[in-house]
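For reference, the structure is listed below as structure tokens.
The values are calculated or read from the model by the stated rules, or taken from the named source; none is laboratory data. Since the model is a prediction, treat every value here as computed from it, not as a measurement. Here the Cβ positions follow ideal geometry from the backbone for every residue, glycine too, while neighbour counts run over all protein chains shown.
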Amino acid sequence: MSDPILEVRGVVKKFGALRALDGVDLEIPRGKITLLIGPNGSGKTTLMNVISGVYTPDEGRVILDGEDITGLMPHERFRKGLVRNFQIPRLFSGLTVLENTAFARYGNPGEGVVSGVLKKKWIGFEEETIRRSVRMITFTKIRHLWDKKPSELSGGQMKLLEVSRSLMPDNPKIILMDEPTAGVNPTLAHEIFQRIKQIKEERGITFLIVEHRLDIAVGYVDYAYAMAFGKVVAHGEPEEVLTHPKVIESYLGG
Amino acid sequence: MALLEVKALNAGYGRFHILFDLDFKVEKQEILIIVGPNGSGKSTTLKAIFGIAKVYSGNIIYNEKDITRLPPHAKARIGLAYLPQTDNVFAELTVEENLRMAGYTLPPALVEERVEKVLESFPFLKSKLKDKAKSLSGGQRQLLAMAMTLIREPDLIMFDEPTAGLAPIAAKEVVEKIIWLRDELGKTIILVEQNAKLGLEIGDNALLLVSGRIAFYGKAQELLENKDLGRLYLGLAK
Amino acid sequence: MVEIIPSGVFLMSAIAYAAALGLLSMGLSLTYVTTRVANFAHATIGMLGAIVMLFLIDRVYYEGASYQLFIVGPLLSFVVAGVFAMIMYLLVMKPLQDKGNDVIGLMIATFAIDIILLNILSFLLNAMTGKHLPKLYGVNIGPWDPTIQCCGLELKASNFVLPIAAVLLTLIFHLFLTKTKFGVAMRATIENPNLAAVMGVNTNLVYTVSWFVSGALAGVAGSLIAFSLKDTSPNSSALIIVSVFAGSIVGGLTSIYWGLVGGFIVGLAEKLLTSIINALYNGYFAPALGLPEIAIINYEKVMSLGLVIIVLLFAPQGLAGVDWSKLKQKILRR
Amino acid sequence: MEFLIFSDTWLILLIAYIITTISLNLEAGYTGIPNFGKAVFVFMGAWAAQGIGIRLAAWIVEKQDPALAQEALEFLKNHLGQDYPSLVAAAADTDANRIVANQYIYPFLQDHPMIVAMLFIAIVLIAVGLAAIMGLIASYAALRLREEYLAILLLSFSELMVMVIFRQTESLNGGPKGLWAVKFAADNRVFAIIFGLVVVVLVYLYAEKLAHSPMGRAMRAVRDDEIAAGVYGRDVAGIRLKVIIVSSIIASLAGLVYIEANLAAQSLSFDRVYWTFFPWAFLILGGMANNKGAVLGVIVFMVLRRMIDYGLPQLAAGHSALIQMAAAYLSNILVGIIILLVLYFRPQGILPEKPSKTLDFGEILKQEEA
């Protein structure tokens, strides 16, 4: 493939004797939505964690836009343009819905022990951030909950907040989404995918999405990867991958 | 009369509603296999029956008694057993200590007897009695967990993906033991299995869950022969 | 010529101190692995043992050194401190835990209990008059520690009894954990409380017992170490608690046996290592290099902190987290 | 009602505690760093005025007024029989320190207001610098350890620094007795109160502004989930480091206020009970991650304690010596019991945490609707 935005080369991640990732190679096409599927325990979430820097791989490299980011910390990867969200929402329990969303926009000049008290320095940026957050949670239909803490939300609403957050950063190159529509009703799930498609087209942002609700996702994605037992078993056009015998076999068992 | 009957079961964790209106029965001495894509609620079904997940509505009838609201340890006492997928043995304890722990509530003499009996069915454990459970392989651990369950001689055993992460040979051994439980010991079994083909081949009845709802319920053989199984299993069913 | 190798008597006292720390650290690790409480009151609970000794001397054994004291004292301390720790768990720690307090909240609570206990004890000792002793607060009970002739050395009885008590208690505790049904259940609960509960283990009882054992071990250590303290006032716990935590952290905080080892190592380091370094520095380096003399012997607590820092830097899980079989392989290959 | 008459000693302690508790709140309440070694950071401020400050003042006297210095040394020789090589050496010695400070340094400083002003600035800078260095050391551990390990490590660290190094090494801070600190005004208590009040106001305003800034939000985010904060681009280690250093600096000012009020205090007074456990107790009582709560916690606690300390002896007066003695110990016992009760009945404190609103969010919501 020519000019992928994200490459994963020969990544191995072991947990004790278990090889959760057993030599994974991926090339995520630039400006497209790529779907990543696979049965339970096939290593998808582990892969997400390796790409975003939460785990360090035992072997292999992660390359973002031609630059090797394998050794970088999660926050350094973010600053290179890599955004991710979490399968099980990791929300800030002390912050409200609006604050959780606002925090996701990086680069606030008021985030310093000195600059924090100089309101003039950050008020402009902050106001824009809050406005954007309001628009974002309006879109994800959790606006009425803006003043609530995560502990007061339902599972689906937490997921929507997680999605709102991941769409906040300014100019990401790629956004990794781990099951963005789990627990969300079908209508809203479609709307989320429509929005993702719209963002892709308008801003040229690449998406890599893990999703189990294939019936919903399949209509929006451009490319697909399938994993099983810590390895990539198929990749290509979505329909092609979903009907690939190896993929079906991996889901049904040998 | 069915040994276990689940009626209009709605369950989940806290506010996470996962299972919707499940209805099914398990007859004595049968294997019910539960299959379905990730996150479809297979494990939750077992946990709801055993009382670990939260039941919002519906009924669970066991031996003609409504046991919906019974706490887990009370269910264990009337003959139900549940084997979690992971952490189902004490890794830091020896095999012998694990077996004795399994009979913690039984009188000591009975424990001796049952341990003897179980060791005859799982002869490989005899040579490993003094080894810590963490030195066992994944398959051996599943078999140890199974042996521990048998110490209490339950009637209904629920397995949560016992073959997950096992090498094919080890998985085969575990499955053979499950068949043996039904055929030789007359146990009733509910098996959640990720390897659908393997599971459906040994199951009497099958339950296919998609997004917490029943997409198929009937003879396992029938589901195995279903041409659309692949699509169903990938969650593309409408 | 400066003595570098410490004398037999000093060596024995160092081993005794290390054994006491070992018992204390083991108990601290025990309540941590079972109930996730890092107990700041642990050393003060140990001082209950010292106070038991004080009372025994005042009421019963005032007349002179008695070997009986070294059997009755530790046994009584075992019960008194154990019961106190158990009550502390049932009355305070468990309710707080059930209310959902986190690790830090529980730590603060043990801090509070420490203050309460210290002040109650100080008050009682100040308020009460001894039967034979002129006062009870700030007494040095060293004179009641008989001297034993052994291997050509004049050893203090407490220095002799402490290591023996430590070995015995550890052995008994080990047998309890491996040979009795309840002991096995205790280990099972430490590893996986949910699974143990499913098997029918009353985990609350396990936790309560672990607090009793933890306090009891501390009581024995406190009762015997009391003879080497300048005075038996409860405030002496402040000098010990840092070393106890150091021992547990060196051991890894997650393993009872390694807690014992950690405490022992910290104890030896504080006494022996400081004395050796002191002798080396003031005997050789300082005169040779024209440096001023420094009473390094006063810095024994620096040694324990130093050990903690080294361990946390190189093995954050403590000695318990070190993969010894791998290490052995590595060493043997070379 | 005599117990409601609050002494200046009480007021100064209140001020120093408020400063310390606000500083602890920035770390523990907002950022989730369980600093159980607060005492050592407070101590740095005292040490700057004691062990370091008095030497600096003696050195200035020697440079500015050699005759006076000579006179002092001779006086010491005649009265103590000690021959000191310099006034600095004499000022740092436990035996001579009191005489040098009271008879020579204080009168000299009183005659030289400019020098006092410069000395004051220098000592504040030293306190801040020392605290920052300590903070840097502490943060090295804070970035790597789980909370309970960190708490234990910082506690040990603080105990050792205060107890061992500064108690046993006479040369550093005068050993068990402690050295007399530099005195900046004729009435050092009034000076300490004014200086303390200024610091309290500034520190409170700072902490409030910070809490309601994007930084405050980032601190809470780091506290709630450091992995998620890192994934959203925040340098978690950097944020913790900054907060620890700022808090350490603030805490050192509390120590400076306290030592200026008392002038002489042994290093041992900065122990884990009074300068670590008490600030934690205030914070838990008042409410974590709430600056108003932190201040309120100190005030409520200190008033209660005052009433106990004064009320109980009054109640006990006339009774047996035993009851009078019990009253003295009861104060600390009650403090412990209050903590336990708060943890049980109101773990969130009197004033629970509030959202860290940077702007009027409701207003923006309304505007966006339009």
Checklist entry - For D:Ser252, are the conditions met, namely being surrounded by fewer than 23 Cβ atoms within 10 Å (Cβ to Cβ), hydroxyl-bearing (Ser, Thr, Tyr), more than 14 Å from chain A (Cβ to nearest Cβ) and out of contact with any Leu (no Cβ under 6 Å at 6 or more places or on another chain)? => result no
Checklist entry - Mind checking which pairs have a first residue in the stretch C:128-148 that is without any contact (Cβ under 8 Å) to a residue 24 or more places away in the chain and a second that is buried (at least 17 other Cβ atoms within 10 Å of the Cβ) and assigned to a loop (DSSP other than H, G, I, E, B), Cβ under 7 Å, 6 or more apart or different chains? => result C:Met128/C:Leu136
Item to check | Pair list, Cβ < 6 Å and 6+ apart or interchain, from the stretch C:205-216 residues that are farther than 8 Å from C:Tyr89 by Cβ to residues that are among the β-branched types (Val, Ile, Thr) and surrounded by fewer than 24 Cβ atoms within 10 Å (Cβ to Cβ) | outcome: C:Ser210/C:Thr34
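Any idea which of D:Ile133, D:Ile105, D:Ile99, D:Ile115 is in contact with a His (Cβ under 8 Å, 6 or more places away or on another chain) and assigned to a helix (DSSP H, G or I)? Steps first, please.
On the way: D:Ile133 fails: in contact with a His (Cβ under 8 Å, 6 or more places away or on another chain); D:Ile105 fails: in contact with a His (Cβ under 8 Å, 6 or more places away or on another chain); D:Ile115 fails: in contact with a His (Cβ under 8 Å, 6 or more places away or on another chain).
Within the list D:Ile133, D:Ile105, D:Ile99, D:Ile115, the selection yields D:Ile99.
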Checklist entry - Is there a residue being more than 30 Å from C:Ser7 (Cβ to Cβ), of a type in the set (A, V, I, L, M, F, W, C) and exposed (fewer than 15 other Cβ atoms within 10 Å of the Cβ) anywhere in the stretch C:159-172? => result yes
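Okay, residues lined up against (1) at the interface with another protein chain (Cβ under 7 Å from one of its Cβ atoms); (2) in contact with a helix residue (DSSP H, G or I) (Cβ under 6 Å, 6 or more places away or on another chain); (3) not aliphatic (A, V, I, L, M):
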site	(1), (2), (3)
A:Leu72	no, no, no
A:Arg79	yes, no, yes
A:Thr96	yes, no, yes
A:Phe103	yes, yes, yes
A:Glu111	yes, yes, yes
A:Ser115	no, yes, yes
Item to check | Evaluation of D:Leu304 against (1) surrounded by 20 or more Cβ atoms within 10 Å (Cβ to Cβ); (2) among the aliphatic types (A, V, I, L, M); (3) at pLDDT below 95 (one fails), failing number | outcome: (1)
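This table checks each residue for (1) within 14 Å of chain C (Cβ to nearest Cβ); (2) within 30 Å of C:Ser325 (Cα to Cα).
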{"site": "B:Lys75", "(1), (2)": "yes, no"}
{"site": "B:Thr86", "(1), (2)": "yes, yes"}
{"site": "B:Leu119", "(1), (2)": "no, no"}
{"site": "B:Ala133", "(1), (2)": "yes, yes"}
{"site": "B:Ser137", "(1), (2)": "no, yes"}
{"site": "B:Arg141", "(1), (2)": "yes, yes"}
Checklist entry - Within the stretch D:309-326, is there a residue that is over 27 Å from C:Leu124 (Cβ atoms) and without any contact (Cβ under 8 Å) to a residue 12 or more places away in the chain? => result no
Checklist entry - Within the group C:Leu289, C:Leu312, C:Leu319, which residue is touching a residue at least 60 places away in the same chain (Cβ under 8 Å) and away from every other protein chain (no Cβ under 12 Å)? => result C:Leu319
Next on the checklist: Suppose the filter is assigned to a helix (DSSP H, G or I) and at pLDDT below 90; does D:Leu283 pass it?
Outcome noted: no
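Criterion first (modelled with pLDDT of 90 or more and not aromatic (Phe, Trp, Tyr)) does B:Leu32 satisfy it? Write out each step before concluding.
Numbers: modelled with pLDDT of 90 or more: yes; not aromatic (Phe, Trp, Tyr): yes.
Spelling it out, B:Leu32 is indeed modelled with pLDDT of 90 or more and not aromatic (Phe, Trp, Tyr).
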Checklist entry - Only one residue in B:Ala196, B:Ala237 is within 11 Å of B:Val35 (Cβ to Cβ) and modelled with pLDDT under 85. Which one? => result B:Ala196
Next on the checklist: Take B:Lys187 and tell me if it is modelled with pLDDT of 90 or more and either buried (at least 18 other Cβ atoms within 10 Å of the Cβ) or not hydrophobic (A, V, I, L, M, F, W, C) (or both).
Outcome noted: yes
Next on the checklist: For the condition modelled with pLDDT under 95, over 17 Å from D:Val40 (Cα atoms) and within 14 Å of chain A (Cβ to nearest Cβ), what is the one hit in D:Leu143, D:Leu210?
Outcome noted: D:Leu143
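Tell me which helices (runs of 4 or more DSSP H) are completely within the stretch C:266-334 and hold 1 or more residues being of a type in the set (S, T, N, Q) and surrounded by fewer than 14 Cβ atoms within 10 Å (Cβ to Cβ), or say none if there are none.
Details: elements: C:274-280, C:286-289, C:300-314, C:324-333.
Helices (runs of 4 or more DSSP H) meeting the threshold: C:324-333.
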Item to check | Residue that is on the phi < 0 side of the Ramachandran plot, over 21 Å from the mean Cα position of the chain (by Cα) and more than 14 Å from chain A (Cβ to nearest Cβ), where the choices are D:Ala192, D:Ala186 | outcome: D:Ala186
Next on the checklist: Just to check your reading of the model, which residue among A:Ile137, A:Ile175 is within 30 Å of A:Val8 (Cα to Cα) and either out of contact with any strand residue (DSSP E or B) (no Cβ under 6 Å at 6 or more places or on another chain) or β-branched (Val, Ile, Thr) (or both)?
Outcome noted: A:Ile175
Checklist entry - How many of the residues making up the stretch C:175-217 are touching a Gly at 6+ places or on another chain (Cβ under 6 Å) and either within 12 Å of chain B (Cβ to nearest Cβ) or of a type in the set (D, E, K, R) (or both)? => result 1
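Select the helices (runs of 4 or more DSSP H) contained entirely in the stretch D:9-81, then report the ones holding at least 3 residues which are under 13 Å from the mean Cα position of the chain (by Cα). First the steps, then the outcome.
Working: elements: D:38-47, D:53-64, D:66-80.
In the stretch D:9-81, D:38-47 are the helices (runs of 4 or more DSSP H) which contain 3 or more residues that are under 13 Å from the mean Cα position of the chain (by Cα).
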Next on the checklist: Can you name every one of the helices (runs of 4 or more DSSP H) wholly within the stretch C:44-148 that holds 1 or more residues which are hydroxyl-bearing (Ser, Thr, Tyr) and either more than 18 Å from the chain's Cα centre (by Cα) or modelled with pLDDT under 90 (or both)?
Outcome noted: C:103-127
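Scan the stretch C:74-85 and give yes if some residue there is within 14 Å of another protein chain (Cβ to nearest Cβ) and under 27 Å from D:Tyr149 (Cα atoms), otherwise no.
Taking the stretch C:74-85 first, the residues within 14 Å of another protein chain (Cβ to nearest Cβ) are none.
No, the stretch C:74-85 has no match at all.
Step by step: first the residues of the stretch D:273-300, then only those that are away from chain C (no Cβ under 12 Å) and within 17 Å of the chain's Cα centre (by Cα), then the one that is farthest from C:Ile116 (Cα to Cα). Which residue is that?
Just the residues of the stretch D:273-300 that are away from chain C (no Cβ under 12 Å), to begin with: D:275, D:286-287, D:289-300.
So of that shortlist, the ones also within 17 Å of the chain's Cα centre (by Cα) come out as D:275, D:291, D:294-295, D:297-299.
Numbers: D:Trp275: 17, D:Asn291: 28, D:Ala294: 23, D:Val295: 24, D:Gly297: 20, D:Val298: 20, D:Ile299: 22 Å.
Filtering the stretch D:273-300 for residues that are away from chain C (no Cβ under 12 Å) and within 17 Å of the chain's Cα centre (by Cα), the one farthest from C:Ile116 (Cα to Cα) comes out as D:Asn291.
Out of the residues in the stretch B:73-91 meeting the condition of being surrounded by fewer than 16 Cβ atoms within 10 Å (Cβ to Cβ) and not hydrophobic (A, V, I, L, M, F, W, C), tell me which one is nearest to C:Gly200 (Cα to Cα). Steps first, please.
Keep residues of the stretch B:73-91 that are surrounded by fewer than 16 Cβ atoms within 10 Å (Cβ to Cβ), which gives B:73-74, B:77-78, B:86-87, B:91.
Imposing the further condition that a residue be not hydrophobic (A, V, I, L, M, F, W, C) reduces the set to B:73, B:77, B:86-87.
Working: B:His73: 7, B:Arg77: 10, B:Thr86: 19, B:Asp87: 16 Å.
Looking at the filtered set, the residue picked out is B:His73.
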Next on the checklist: Restricting to the stretch D:335-370, name every residue that is assigned to a helix (DSSP H, G or I) and more than 9 Å from chain C (Cβ to nearest Cβ).
Outcome noted: D:Leu341, D:Val342, D:Phe361, D:Gly362, D:Glu363, D:Ile364, D:Leu365, D:Lys366, D:Gln367, D:Glu368, D:Glu369
Checklist entry - Cβ-Cβ below 8 Å, separation at least six or inter-chain, first residue in the stretch A:75-98 and farther than 16 Å from A:Ile175 by Cα, second of a type in the set (S, T, N, Q) and surrounded by fewer than 21 Cβ atoms within 10 Å (Cβ to Cβ): which pairs? => result A:Ser93/A:Ser151
Checklist entry - Going by the structure shown, is A:Arg132 under 20 Å from the mean Cα position of the chain (by Cα), more than 26 Å from A:Asn49 (Cβ to Cβ) and in contact (Cβ under 8 Å) with a residue 12 or more places away in the chain? => result yes
Checklist outcome for this item: Taking the stretch A:123-156 and keeping only residues that are modelled with pLDDT of 90 or more and of a type in the set (A, V, I, L, M, F, W, C), one is left with A:Ile123, A:Phe125, A:Ile130, A:Val134, A:Met136, A:Ile137, A:Ile142, A:Leu145, A:Trp146
